[in-house]
Amino acid sequence: MSTAITFSEYGSPEVLRLSEVATPEPGPGQVRIRVRAASVNPLDLKIRSGLMAGAFPARFPVIPGLDAAGVVDAVGEGADAAVGDEVLGAAVGGSYREYALLDRPVAKPEALSWEVAASLVTVGRTAFRVLRELGVQAGQTLLVHGAGGSVGAIAVQLAVASGITVVGTVGEQDSERVTALGATAVRYGDGWAERVRAAAPQGVDFVFDASGAGVLADSVALTGDSAHVITIADMSAAQHGVRFSAGTDDQAGDSLPELVQLAAAGKLDLPVWRAYPLDQAATAHADIEARRNQGKVVLVP
């Protein structure tokens, strides 16, 4: 037996409990890791609250969490790692736990901290996937809503490195950081579309909405084509003819090893705001819901 965070009903962060669970055994191709850090993603909060019950129906009790980094302590037949290896990846059956299973572990470079390694998985793959789905090319202009968030900031960095002109809507606290990443920062809120037009007189070719802040109608107007707008956060996407991207790891291809190497080389910045002990998962969720965090949040078993 080992410990994990579980919830047995939908609700507020207080439904999260530290529980004793069976230690998972790796199947073919899987590895089991002793978790050193587990990322807390916004999707975890939506699943816990029941907001995503239609797409992710729960089989209680649920162990939340998508991503983890740790040390391999058991391997299944044909696994692509050995006991003692330091790895990261998407967790099978939840990551808020002492021991987690990974299907496709990626080696963690020594230069990468445990906290960043765990944080990079979902947000990095999401940013990579959406940029590919949009098809934005060097020389074109991309608007990123929520450029100060983890997914948005990675999208900014990947796009800038590819020769794409980037405008990002941000809160005042993120303006300086997003500008340093190579984007033109524009304050969100009333009048944002006019400010974007002033910042990008050449026009906007594509929009990546990572904010879910009710910006889709004006984003379509900016590009002139709903097919040039993708959201990962606004459930009203279909009403605007906009694609909602909630893709799988397969759609991100083999992006994670590349993202890991970029981060290890200092070419991809992913700030970690705070690491909480595993038993403080409810506090971590509450802080994210209250928008207190300025960067990624992780749990440390």
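Coordinate-derived values only; no laboratory data. Being a predicted model, the structure only gives us computed values, none of them experimental. Don't worry about glycine lacking a Cβ; one is built from the backbone with ideal geometry, like all the others, and counts go over all protein chains shown.
With a length cut of 27 Å (Cα positions projected on each helix's long axis) and a Kyte-Doolittle mean of at least -1.0, go through the chain and give me the DSSP H helices that pass.
Values: long enough: 114-134 (31 Å, 0.59).
What comes out of the filter, once short or polar helices are dropped, is 114-134.
Can you match Kirkwood radius over Cα pairs in Å to one of these, [x] 21.9; [y] 23.9; [z] 19.7, based on a calculation from the structure here?
The listed entry that was calculated here is [z].
So which trypsin sites (Lys or Arg not before Pro) in the stretch 4-103 are both in a DSSP loop and have at most 11 other Cβ atoms within 10 Å of their Cβ?
Values: sites: ARG17, ARG32, ARG34, ARG36, LYS46, ARG48, ARG59, ARG97; in loops: ARG59.
Here the sparse-neighbourhood loop sites are ARG59.
Pull up all non-local amide H partners of ASN293: gap of 5 or more, or a different chain, and H-to-H distance under 5 Å with H placed in the peptide plane.
Residues meeting the criterion, in which the H sits 1.01 Å from N, do not exist here.
Please give the net charge around VAL242, taking every other residue with its beta carbon less than 9 angstrom from that of VAL242, where Lys and Arg add +1 and Asp and Glu add -1.
Working: positive: ARG243; negative: ASP209, ASP234.
Taking every other residue near VAL242 into account, the sum is -1.
Full extension from GLN202 to TYR10: what is 0.36 nm times the residue separation minus their Cα-Cα distance, to one decimal in nm? Walk me through the numbers before you get to the answer.
Working: separation 192, 0.36 × 192 = 69.12 nm, distance 4.68 nm.
So the chain would gain 64.4 nm between GLN202 and TYR10.
Taking 0.36 nm per intervening residue step and subtracting the Cα-Cα distance, what contour gain separates SER162 from ALA217 on full extension? Intermediate results must be reported in sequence, preceding the final value.
Numbers: separation 55, 0.36 × 55 = 19.80 nm, distance 2.73 nm.
This chain segment gains 17.1 nm when fully extended.
Does anything in the stretch 157-184 have its amide N under 12 Å from the 7 Å Cα→Cβ label point of ASP269, and if so which residues?
The answer is 157, 174-183.
Which of the GluC sites (Glu not before Pro) found in the stretch 74-109 are loop residues per DSSP with 13 or fewer other Cβ atoms within 10 Å of their Cβ? Please list the in-between numbers first.
Working: sites: GLU77, GLU86, GLU98; in loops: GLU77, GLU98.
Sites meeting the loop and neighbour criteria: GLU77.
Which lysines have a Cα less than 30 Å from the Cα of LYS46, not counting those fewer than 8 places away in the same chain?
LYS108, LYS296
By how many nm would the segment from GLN173 to GLN239 grow when fully extended, if each residue of separation counts as 0.36 nm and the alpha-carbon distance is taken off? The partial results should precede the final answer.
Details: separation 66, 0.36 × 66 = 23.76 nm, distance 3.14 nm.
Result: 20.6 nm gained on full extension.
Where Lys and Arg each count +1 and Asp and Glu each count -1, what net charge lies around ALA117 among other residues with Cβ under 15 Å from its Cβ? Show your work: numbers first, answer last.
Values: positive: ARG34, ARG36, ARG104, LYS108, ARG125, LYS296; negative: ASP67, ASP85, GLU86, GLU110, GLU115, GLU258, ASP269.
That sum, taken over residues with Cβ under 15 Å, equals -1.
Would you mind checking the stretch 253-271 for residues with the amide N under 14 Å from a putative spin-label position 7 Å along Cα→C-beta of VAL300?
Answer for the stretch 253-271: none.
Please sort by residue number the trypsin sites (Lys or Arg not before Pro) in the stretch 211-301 whose DSSP state is loop and whose Cβ has at most 16 other Cβ atoms within 10 Å. Before the final figure, lay out the partial values.
Numbers: sites: ARG243, LYS267, ARG274, ARG291, ARG292, LYS296; in loops: LYS267, ARG291, ARG292.
When the trypsin sites (Lys or Arg not before Pro) of the stretch 211-301 are filtered for loop state and at most 16 Cβ neighbours within 10 Å, LYS267, ARG291, ARG292 remain.
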